[in-house]
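Participant: Below is one structure. I have some questions about it.
The values are calculated or read from the model by the stated rules, or taken from the named source; none is laboratory data. Keep in mind that this is a model prediction, so the values were computed, not measured. Positions of Cβ are backbone-derived with ideal geometry, glycine not excepted, and every protein chain shown enters the neighbour counts. Just so you know, the surface numbers come from the protein's heavy atoms only, side chains and all, with ligands and any DNA or RNA stripped out. Shrake-Rupley method; radii C 1.70, N 1.55, O 1.52, S 1.80 Å.
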Amino acid sequence: MELKIEHLSKRFKDKTAVDDVSLTLTSGVWGLLGANGAGKTTLMRMIADIMVPTNGAIYYDGQDIHEMGKAYRELFGFLPQDFGYSRDFTVKDYLEYMAALKDVPARETSRKINHLLDILTLSDVKRKKIAKLSGGMKRRVGIAQAMLNDPKILVMDEPTAGLDPGERVRFRNFISEFSHDRIVLISTHIVSDVEYIATRNAIMKDGKIVDVGTTDELVKQIEGKVWTCTIPARDLDKYEMRLRIINQRGEDNNQVSIRYLSDKSEIEGSITISPRLEDLYLWLFPQADLSKEGN
Ligand SMILES: Nc1ncnc2c1ncn2[C@@H]1O[C@H](COP(=O)(O)OP(=O)(O)OP(=O)(O)O)[C@@H](O)[C@H]1O
Ligand SMILES: [Mg+2]
C-alpha cells in the first residue's frame, strides 16, 4: 500500500505554498513537521482531494486519487485544521449524520460510534451539544468523524492541538495501534506527539520537504550538537544573546541548567546529550516559537 505524491505544487497568486513535493507514504504513522506557513495544510488539503494542485498528482497504489473520486473518499479520512462543527448537533447526532454522509452501513453505525466515543473518552458527553464542549473535546469529536469509515488513509491536521497531556498519550497509543496496514499522516507543532510513534517524519520548510526519515535517522545530523551545562543565573542574559538556548531550568543556589545547540562547546564544563526530535526541529527552524510547545 502506498500513496505517491509526485512533483506536487500549489501556487496562490503571490505565493508558492507547496513547491514541487515528491514523497511516497507507506503504511505506518508519518509525522509532518514544519513551522507556521511551511505549507503543511495546503499539502494535506491536496492529499484530501479538496484542493486542486497547480502541478503534479497523487497516486494511491498507482491510481490517480482525483480520478478515483468516490472510491478514494471511501478509504480516506480527514481532520481539517479548522474544523467546522455543526454547533446545534449533539455529539452522537453529529457522528450519525457524518456516518450517513460517508455511506457507513446503517447496521454498523451505532457500534462504530460507540467504539470511537469510548476510545476518545467522549462517551460521557455524547448527548451534549458540540457547541458546549471544551476545545479539546471538540478536537476529539473531529478525530472521531475522520475515523468513522475505518479509513485506509487517515490525514489529520494538528489533531492534538488543545488536547491535555493525558489525552495526548491516549491519542498516541491508539493511533499507533490503528496504523497497522494503514497510512496515517499527522501534522503537529508538538514534536513530542510524533517523536516516538512516527514510523517516519517528513520535515517541510518553505513549501518543500527538506528531510525524511525515522526519528533516529533524523536526529543523527545533530549528534554532538546538543549541549547542557549549569551557569550562574546572572550570566543567563549574556549567554542568551549569543547562544541558541532551547531550555533553561532554575536550580538551587542561583544556578540555571541550560540546554543549547551549537557545533562546539561554548561554555566550559558543557557535556553533549542525545538529541531529540525537538532539538532537530529547533536546529532547522531557529525562529520557532517555543511557547507553542505544549509539553
Ligand atoms: N487560500 C490561500 N490563498 C493564498 N495564500 C494561501 C492560501 N492558503 C495558504 N496560503 C499561504 O500558503 C502558505 C502555506 O500555508 P499553510 O496553511 O499550508 O501552512 P501550514 O504549514 O499549514 O502553517 P500552520 O502551521 O500555521 O498551520 C502560507 O504562506 C499561507 O499564507
Ligand atoms: Mg496548517
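Participant: Considering only residues of the stretch 137-168 that are open to solvent by less than 10 Å² (accessible area, probe 1.4 Å) and not hydrophobic (A, V, I, L, M, F, W, C), which is nearest to T41 (Cα to Cα)?
Facilitator: Ranking the candidates gives D157 first.
Participant: Another question, if that's okay. Go through the stretch 27-44 and report how many residues are near ligand 1 (Cβ under 8 Å from one of its atoms) and either among the small types (G, A, S) or open to solvent by 30 Å² or more (accessible area, probe 1.4 Å) (or both).
Facilitator: So the count comes out to 7.
Participant: Any residue at all in the stretch 173-184 that is within 15 Å of the chain's Cα centre (by Cα), over 19 Å from E2 (Cα atoms) and hydroxyl-bearing (S, T, Y)?
Facilitator: no
Participant: Here's a follow-up. Would you mind finding the one in D82, D118, D124, D88 that is within 16 Å of ligand 2 (Cβ to nearest atom) and open to solvent by 80 Å² or more (accessible area, probe 1.4 Å)?
Facilitator: D82 is the lone residue from the list that is within 16 Å of ligand 2 (Cβ to nearest atom) and open to solvent by 80 Å² or more (accessible area, probe 1.4 Å).
Participant: If you check L95, L23, which single one turns out to be in a strand (DSSP E or B) and in the same structural domain as G162 (by TED's automatic domain parsing)?
Facilitator: Of the residues listed, the single one that is in a strand (DSSP E or B) and in the same structural domain as G162 (by TED's automatic domain parsing) is L23.
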